[in-house]
Amino acid sequence: MINLFQAMQAFVKVADVGSFAQAAAQLNVSTSVVTRHVSSLEQHLGIRLFQRTTRKVVLTEAGAQYADGCRVLLAELEEVESRATTASHEVAGDLRIVALGSFSLVRLTPLFAEYQARFPQVNLRVTLTEKRVDLLEGGFDVGIVTEHMIRSESLVVRRLINSHAVPVAAAGYLAQAGHPQAPAELAGHRLIAASFDTTGPMWIFRKGDGDDGESIAIDASFTVNSMIMQKQAALGAMGIALLPLEMVQDELRAGTLVRVLDGYSVLNGDVAVSLVYPSREFVPRKVREFIDLAVGFFK
């Protein structure tokens with residue numbers, strides 16, 4: 001089967017230099033390869049493109065017309081390739097990002113600000129969600145999500161942070177309901193949890209390194225698929241919530257939230273946030289720059 005693009009390139013080069021041997025030298029191939037390309041093209045078209053003698057090669061009338069058309073097509077193809085290559089190397093255009101909403105409000109705004117300060121020609125198009133997402137179907141360039149949110153198995157996944165979760169409550173709630181001293185006492189408290197809690201209906205507590213852990217069934221009085229609203233509910237004295245430590249550090253320092261069961265760790269409550277993107281190959285520069293910045297940002 002004829003490679004029309006290569007045959008056109010060889011034909012136009014012969015037409016330009018007037019020699020099969022010189023054309024082959026400039027294309028860095030053998031003369032027989034150029035001859036074969038031109039012969040294949042003539043057979044494909046059903047016309048003679050050159051009049052050949054022992055001393056020179058001359059275009060036929062049909063060959064001259066075809067050469068003009070080939071030059072136009074090859075120039076247009078070169079322009080298309082140039083635009084595509086330039087676009088992949090430029091840091092400009094839209095960068096579509098999907099991110100875990102509650103995490104984004106706490107940690108990602110400074111990252112976005114630094115990226116846009118470096119690359120002002122890039123428009124950040126950020127979608128926040130708490131649900132599972134298909135990066136490819138959604139048309140996103142990159143995601144910053146928890147690993148349970150990833151629906152495609154063909155993505156590159158790079159862990160950014162493992163956020164430790166702690167149970168917290170408002171001082172007002174604890175003053176009224178009491179401070180639990182052991183995980184089993186949570187059964188007598190109002191609990192706040194995610195409506196799609198991936199840890200299951202259990203919080204597993206451990207006291208000390210040698211403890212195997214104590215599983216506590218969660219019968220939440222308030223569920224919502226947003227950690228931001230879980231935090232607001234805790235601040236509103238609606239009960240005890242299990243939230244990433246980074247998300248509540250300011251409130252713990254200010255005393256508006258109080259850590260509950262401080263002597264225990266929750267084994268199944270951590271939130272692992274990862275950077276995900278479709279491929280390691282042919283990554284546009286605007287995406288690569290964001291990936292590198294995000295990885296460095298969370299080191």
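The values are calculated or read from the model by the stated rules, or taken from the named source; none is laboratory data. All values reported here derive from a predicted model rather than from experimental measurement. Neighbour counts are summed over all protein chains in view; Cβ atoms, including those assigned to glycine, are modelled from backbone coordinates with ideal geometry.
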Report summary line: Among residues of segment 243-273 being among the small types (Gly, Ala, Ser) and at pLDDT below 90, the residue farthest from the chain's Cα centre (by Cα) is Gly263
Query raised in the report: When you go through (1) in contact with a Leu (Cβ under 9 Å, 6 or more places away or on another chain); (2) in a loop (DSSP other than H, G, I, E, B) one by one for Val276, which number turns out not to apply?
Result: (2)
Report task. Go through segment 149-176 and give me each residue that's in contact (Cβ under 8 Å) with a residue 60 or more places away in the chain and in a helix (DSSP H, G or I). Result -> Ala171, Gly172, Tyr173, Leu174, Gln176
**Report entry** The listed residue being crowded, with 20+ Cβ neighbours inside 10 Å, touching a His at 6+ places or on another chain (Cβ under 6 Å) and either in the same structural domain as Asp134 (by TED's automatic domain parsing) or at pLDDT 90 or above (or both), out of Ile240, Ile192
**Finding:** Ile240
Query raised in the report: Can you name the residue in segment 219-228 that is surrounded by fewer than 18 Cβ atoms within 10 Å (Cβ to Cβ) and not in a loop (DSSP other than H, G, I, E, B) and, of all such residues, is modelled with the lowest pLDDT?
Result: Thr223
Requested in this report: List the number of the failed condition for Ser221; all other conditions in (1) under 34 Å from the mean Cα position of the chain (by Cα); (2) not assigned by TED's automatic domain parsing to the domain that holds Val156 hold.
Outcome: (1)
Query raised in the report: Is at least one residue of segment 139-147 farther than 27 Å from Glu251 by Cβ and touching a Ser or Thr at 6+ places or on another chain (Cβ under 9 Å)?
Result: yes
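Suppose the filter is out of contact with any strand residue (DSSP E or B) (no Cβ under 8 Å at 6 or more places or on another chain), within 15 Å of Gln9 (Cα to Cα) and at pLDDT 90 or above; does Val34 pass it?
yes
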Report task. Filter segment 204-231 for residues that are over 16 Å from Glu130 (Cα atoms) and polar (S, T, N, Q) and give the result. Result -> Ser215, Ser221
Report task. Output the number of the condition that Gln65 fails; it satisfies all remaining conditions of (1) under 16 Å from Met8 (Cβ atoms); (2) touching a residue at least 24 places away in the same chain (Cβ under 8 Å). Result -> (2)
Query raised in the report: Pick from segment 1-43 the residues that are touching a Lys or Arg at 6+ places or on another chain (Cβ under 7 Å) and of a type in the set (Gly, Ala, Ser): which of them is surrounded by the most Cβ atoms within 10 Å (Cβ to Cβ)?
Result: Ala23
Report summary line: Per the list (1) closer than 16 Å to Ile240 by Cβ; (2) assigned to a strand (DSSP E or B), residue check on Val145 breaks on (1)
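Each row is one residue, and each column tells you yes or no for (1) of a type in the set (Ser, Thr, Tyr); (2) in contact (Cβ under 8 Å) with a residue 40 or more places away in the chain.
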{"residue": "Phe5", "(1), (2)": "no, yes"}
{"residue": "Lys13", "(1), (2)": "no, no"}
{"residue": "Ser19", "(1), (2)": "yes, no"}
{"residue": "Gln26", "(1), (2)": "no, no"}
{"residue": "Thr53", "(1), (2)": "yes, no"}
